[in-house]
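The values are calculated or read from the model by the stated rules, or taken from the named source; none is laboratory data. Bear in mind the structure is a predicted one, so any value in this text is a computation, not a measurement. Counting neighbours? That spans all protein chains shown, and the Cβs are built from the backbone with ideal geometry, glycine included.
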């Protein structure tokens, strides 16, 4: 697999997740299960070195609709 293909896959997965989450919020009144999910990650942590201060944190909200979007993105990647 070429390096460019890996970047393309990552972009597709991110776009699929975002579109899936947006559609999940839009259709949450009709199908409330689409918004069911969990938040994973860690809270922001600060490292103060007196010269520079670094704050690092990461949170991801995975929903059923987002996971469906990721699966569709992977299938689309394999087709093309």
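The single condition from (1) assigned to a helix (DSSP H, G or I); (2) touching a strand residue (DSSP E or B) at 6+ places or on another chain (Cβ under 9 Å) that residue 61 fails is (1).
Check whether at least one residue in segment 19-42 is touching a strand residue (DSSP E or B) at 6+ places or on another chain (Cβ under 7 Å), at pLDDT 90 or above, part of a strand (DSSP E or B) and closer than 30 Å to residue 80 by Cβ, and report yes or no. Looking through segment 19-42, at least one residue is touching a strand residue (DSSP E or B) at 6+ places or on another chain (Cβ under 7 Å), at pLDDT 90 or above, part of a strand (DSSP E or B) and closer than 30 Å to residue 80 by Cβ. Within segment 3-31, the residues that satisfy the criterion of being surrounded by 11 or more Cβ atoms within 10 Å (Cβ to Cβ) and over 17 Å from residue 72 (Cα atoms) are 25, 26, 27, 28, 31. Here residue 72 meets the list (1) surrounded by 11 or more Cβ atoms within 10 Å (Cβ to Cβ); (2) part of a strand (DSSP E or B) almost entirely, failing just condition (2).
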